[in-house]
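Enquirer: One structure, pasted below without further comment.
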Amino acid sequence: MSGTAVIINSDSSVKKRSQLASIWRRFCKNRLAMVGLVIFIFLVFMALTADIFFDYDRQALGQNMKERFLGFSLEHPFGTDQYGRDIFVRIVFGARISLMVSLSTAGIGLVFGTVIGAAAGYYGGKIDNTLMRFMDVFLAIPSMLLAICIVAALGGGLLNLIFANSISQIPRYSRIIRSNILTIKNSEFVEAAKACGAGDMKIILRHIVPNAMGPLIVQATLTMALSILSVASLSFVGLGIAPPTPEWGSMLSTGKEFIRQYPHLIVMPGLAIMCAVLSFNLIGDGLRDALDPRLKN
Amino acid sequence: MFRYIIKRLIYMIPVVLGISFVVYAIISLTPGDPAQLILGADTDPVVLAAKRAELGLNDPFLIRYLKYISGVLVGNLGNSYRTGLPVLSELIIRLPNTIIIALGGIGLSVAIGVPLGLASAVKQYTFVDYFARTLALLLTAIPAFWLGLMLLLFFVLNLKILPATGANSWKNFVLPIVTLAASAAATQTRTTRSSMLEVIRQDYIRTALAKGVPESRIIWKHVIRNGILPVVTIIGMNIGVQLGGTVVIENIFAIPGMGSILVNSVRIKDTPMIVSSIILVAVFIGICNLLVDIVYAYIDPRIKAQYFSVTSKRGKTKTKTGGTVA
Amino acid sequence: MKNYLKCLLLLSLSMLASFMLSACSGEKTTSTPQESKGEDSLIFGLIQEPTTLDSLTSAERITWLPVSAIYDTIVFKDDDQKLLPGLAEEWDISDDGLTYTFKIREGVKFHNGETLTADDVAFTIEKLRVLQKSEFGVISSVDIIDDTHVKITLESAFSPMLYLFTLPQTGVVNKAAYEADPESYGRKPNGTGPFKFSSWLSGEDIVLDHFEDYWRGAAPMTSITFRIIADESTEIIALEANEINAYIQVSQSYRQVVEGNEQLAWYDTPSGQVNTLAFNNGNYSNGEPSIFADNKALRQAICYAINKDDLVIGAVDGTSDPLYTPYPEFVINYPEEFDGNVYNPELAKEKLAEAGYPDGLTIKMRTTTQANYSKPAEVIMGQLSEIGITMELETMERGTYLEEVYNNFDYDMTIWAVSCDYPDVNHGAYRRFYSGMIAPANNYMQINDPALDEAILTNRTSIDPAEKAAAVLRIAEIIRDESYCLPLYCSQQTLATNANLKGVNLNSGMGIDFYRWSW
């Protein structure tokens, strides 16, 4: 078999624990992946503690016309924007939104994709056919185009964006799970489990899903990176999160008209986006390498 | 092989129908009156009502969809709500621009990404490797529109060697293609690198090295040939992403393509235009994927065997010789 | 062994081939722009593609630019808003103000060669009565007296009548062509104006050539190309690179760029669009009252909480002055010494308590994503928070906004523009403040005030100047005292052009006279 690596795992929890440990060890040895992890933890920290250090209404949304377009200073590390708002504070709160959107998108994709893919792969036959055709429909439309249609029809805002982004991601997860299932569906230990009287649900949850976890998580990090870029692009064409919410993409979109005189308005959110996307990609790469059993040496 | 192609083409039909229904539903069942959006907010209600009747908007949703889709099946993509002109004639003009950008972007990204990824894999842990990986990582993280805007500012205003708008000479397409190719090249580099690395680690490569086969021959004869498969897959999967990315790029560089007309049509709920554009894009992607799969078959004889044989059970096929291939 | 190489080669070759083929064929199917460096053609950038070039159905403002070049109106207007003869050489108004008789100019040709007659003018006015009823419904009948005379009879005296005939959307159409095929008139327009329609490449260019047989003499510009560029960052770059020679509605943030560049010129003028904070003074579509209905104190509280000086800085970079009257300053009888509601946060808090919300409240504002409405909304949000009102800003897609707010009145507060495209308060006041106009897309603020109605009607029908002036003042006073809405500022219309262009003019209501432009 060529293609994806599948770790065939029997029901031994001891083996599982030591496997997780070795995966973690391999991950830690990868310096780039650690950098990604550090950035990610930092972003999460920013998102969780934003309210403690800063006052959302006053600093992220409150306007101060006398302090517009200020440059870098101690008081305003990233300067101020066209309404006098501190850009650093807005970026910190923006992290909350970006993380929320990307985690939700990945989460929804994961859950729904797993359910659909598992059902399709396990039950096979007609169920498999219909479900997969349904997935193909959404896979055939480029995600950006689908997102544009959905957002334009339903309006912008956080929930609609998450919905629009996750719909196009679900098929990818379902494919991963399904191929995993197809590979081991007919293997002996599954037959043995069935012979012992284990129900379908149990087999799926206990054996199949954990095996597919690796590629699924890798896909999740990719989804998170993609969704941040996607939201930013949508805001750019005017269909994303609308101001005054301090979302990075919308900050880019509104700041773009000042690009000549005050480039720091878009450079800083742009860098923030880059860092976040970079960290997700690094973690994803690291995980993929760590999960590959052939790298054991 | 021929049968396989036909099967694939036929199988595209329900998918396309599904897409058209989903998109038509999304546009039609959400608030917003196309007549008012097209003619203007302050248009007289009498005029609006006449326009709505003219566009057939008073019919229930299913009737409208059936009318539309029955037209599509005979090749009539409907008339744009905005201009009243046939959708097909408008899209025919715009589709080539988008295809040029998308294919050019893919072509450039392959031309840069594959050799770079290969070099990175072969010369692992050297300067080339680190340079390529860093560049790839950075490029995947830059939002396309940011890059496009920077390139626009630099090449058009500062250097004054390229035009900003329009679509009539090859010069107009340089910046859009480069912008699109940037992050795609990054993905290609990384995929090629990891795929080639996997091949390099195989035992038979080690055997060949031990046998004394010159390294360049190993690379050409074994590494590339075996490692190219996942790369081809990624190219195929990327086509959809690239086509989506052209929306923003067409917006920045003012190129009249599918992306820009989609954004404009979506704003005024020009349903025939929206659904037809997406159908065309989906068909194009489907054909590209089919081409990729055919290329696949020529590269990997095992897959070729699958296509040429009768498929008996899902996941298991009988080859012409009677044995089973998983 | 060569297979993989072949495949890669094939793929890249086919891509290259399709690229080159399309690029070559592209040159044949698209029009080549005339890079005007001294040539007598003009390339004008448009941020949005017009939906039609039929003057009578052109409700979108951006459409008025090509429309004003293609058609002539019955009456012309100069840069000081004075009326001049247009397609009508002269006119006669009866003493009671109810009858207007126009003498149509002879020898005027349409682009298709036909001659302008009273028939075409009468047909146009009849169409206006139906298609633009809110303005032209006042005309009760149109009569053709002879080949060169048209008479219109009004239901009641209407002093701004002649101004209405200067608007681009009243451009005179050719009766025969219009009746033969009204649908395609919008794509193949036919007028008497200085420029005739040449081609329209969807999504790209609209090309107009100058009309040799124009009755005032052929225009200095040989052609105008309207190029559609959707993104403003690209538009300004195209202007700087001289790929386009002008564009309108330039963001204030680019003013420095334009004024600092010797090769570019900046023009601006009040646009006649009064950005207004609108309250829903009536019920929602389900019959429930909005929080502002019958709560004058609450409306006043908000009005006093707005600092207009800060607002104009934040919303439009200080390029407009705060406005205290619900109409722009260029209307006739503008009350020069008007005292509007000034920023007074203490009074605002008092009024808030009086309204029944001593501890503040949360109000929702709905607006569209368009920058000229969402920006002031953002600023207002910050200002209201200072007196304890939490404002939730809901930005909606235009389609949804029009349906829910503009048509169904499902909102509490919004920001929209009250337009005044000709120098009489009637244009905005009648449509937006008159109780008889409470209907979708008209009086969406649901203002119903008999005293206000009386003032509006007096201004509309009176022929006594002193009476009119008093009515104009009264309108501003009532709006101020009752706080049905709060005028914010009159937005500026801005134009950036190549500095070598001569004869450039810019008036309110997209008023550009391309006939005078030259290099």
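Quick note: the coordinates plus some simple rules give every number you see, no bench work behind them. Here the structure is a predicted model, which is why all the values come from computation and not from measurement. Here the Cβ is made from the backbone with ideal geometry for all residues, glycine too, and neighbour counts use every protein chain on show.
Enquirer: How many percent of DSSP beta bridges within chain C run antiparallel, rounded to 5?
Expert: About 75 percent, rounded to the nearest 5.
Enquirer: Another question, if that's okay. Amide H to amide H, which residues 5 or more places from C:Met396 or on other chains are under 5 Å from it, using H placed in the peptide plane?
Expert: When sequence neighbours closer than 5 places are left aside, the close amide H contacts are C:Thr367, C:Thr368, C:Thr369.
Enquirer: Give the long-range amide H neighbours of C:Ser141: residues separated by 5 or more places, or on another chain, with amide H under 5 Å away, using H modelled in the peptide plane at 1.01 Å from N.
Expert: Close amide H contacts, sequence-distant or interchain: C:Thr153.
Enquirer: In addition: Can you sort C:Asp421, C:Asp40 so the residue with the fewest Cβ neighbours within 10 Å comes first?
Expert: Lowest count first: C:Asp40, C:Asp421.
Enquirer: Also, quick follow-up: Can you give the local net charge around C:Pro322? Use residues other than it whose beta-carbon is closer than 10 angstrom to its beta-carbon, Lys and Arg +1, Asp and Glu -1.
Expert: Surrounding charge for C:Pro322 is -2.
Enquirer: If each of C:Asp92 and C:Ser184 carries a label point 7 Å out from its Cα toward its Cβ, how far apart are those two points in nm?
Expert: Placing both labels 7 Å along Cα→Cβ, they lie 4.2 nm apart.
Enquirer: Report, in listed order, any pair from C:Lys77/C:Lys468; C:Lys151/C:Lys468; C:Lys308/C:Lys351; A:Lys29/B:Lys304; A:Lys29/B:Lys123; C:Lys103/C:Lys133 with a Cα-Cα distance greater than 29 Å.
Expert: A:Lys29/B:Lys304
Enquirer: Report, in whole Å, the centroid distance computed from the Cα atoms of segment C:110-163 and segment A:60-132.
Expert: A separation of 57 Å, based on Cα centres.
Enquirer: Could you pull out every one of the aspartates and glutamates with an alpha carbon less than 14 Å from that of C:Lys296, ignoring same-chain neighbours closer than 8 positions?
Expert: Cα-Cα hits under 14 Å: C:Glu350, C:Glu354, C:Asp412, C:Asp449, C:Asp481, C:Glu482.
Enquirer: Taking R0 as 25 Å, what's the FRET efficiency between C:Lys109 and C:Arg516 from their Cβ-Cβ distance, rounded to 0.05?
Expert: The value I calculate is 0.75.
Enquirer: Using a Förster distance of 41 angstrom, determine the FRET efficiency expected from the C-beta separation of A:Ala195 and B:Ala305, and round it to 0.05.
Expert: Between A:Ala195 and B:Ala305 the formula returns 0.75.
Enquirer: Is there a quick way to get the dipole size of chain B? I mean about its Cα centre, with the Cβ of Lys and Arg at +1 and of Asp and Glu at -1; what is the value in debye to the nearest 20?
Expert: Dipole size: approximately 1580 debye.
Enquirer: On to the next question. Would you work out the relative contact order for segment A:65-126, in percent, from Cα pairs under 8 angstrom that are 6 or more residues apart?
Expert: The value is 18 percent.
Enquirer: Okay, next question. Rounded to whole Å, give me the distance from the Cα center of segment C:467-519 to that of segment C:172-186.
Expert: For segment C:467-519 versus segment C:172-186, the Cα centre distance is 31 Å.
Enquirer: Measure out, as a whole number of angstrom, how far apart the alpha-carbon centroids of segment B:253-278 and segment B:156-186 sit.
Expert: Answer, in whole Å: 22.
Enquirer: Once the cut-off is 57 Å, how many percent of the Cα-Cα pairs in the protein assembly as shown end up in the long-distance tail?
Expert: So the pairs more than 57 Å apart make up 21 percent of the total in the protein assembly as shown.
Enquirer: Counting only helical runs of four or more DSSP H residues, what would the 222 nm mean residue ellipticity of chain A come to if each run contributes -39,500 (n - 2.57) and the total is spread over all its residues?
Expert: -24000 deg cm²/dmol
Enquirer: Enumerate the calculated ³J(HN,Hα) couplings along segment A:240-253 in order (Karplus 6.51 cos²θ - 1.76 cosθ + 1.60, θ = phi - 60°), each rounded to whole Hz, writing x wherever the residue is Gly or Pro.
Expert: With the stated coefficients, segment A:240-253 comes to x, 6, 8, x, x, 4, x, 8, 4, x, 6, 5, 4, 5 Hz.
Enquirer: Per-residue ellipticity at 222 nm for chain C, helices alone: DSSP H runs ≥ 4 residues times -39500 (n - 2.57), over residue total, nearest 500 deg cm²/dmol?
Expert: After summing the helix terms and dividing by the residues of chain C, the value is -9500 deg cm²/dmol.
Enquirer: Suppose R0 equals 22 Å. What FRET efficiency, 1/(1 + (r/R0)^6) with r the Cβ-Cβ distance, do C:Asp40 and B:Lys171 give to the nearest 0.05?
Expert: Given R0 = 22 Å and the Cβ-Cβ separation, E is 0.30.
Enquirer: Given only helices, namely DSSP H runs of n ≥ 4 each adding -39500 (n - 2.57), what is the per-residue ellipticity at 222 nm of chain B, to the nearest 500 deg cm²/dmol?
Expert: That comes out to -24500 deg cm²/dmol.
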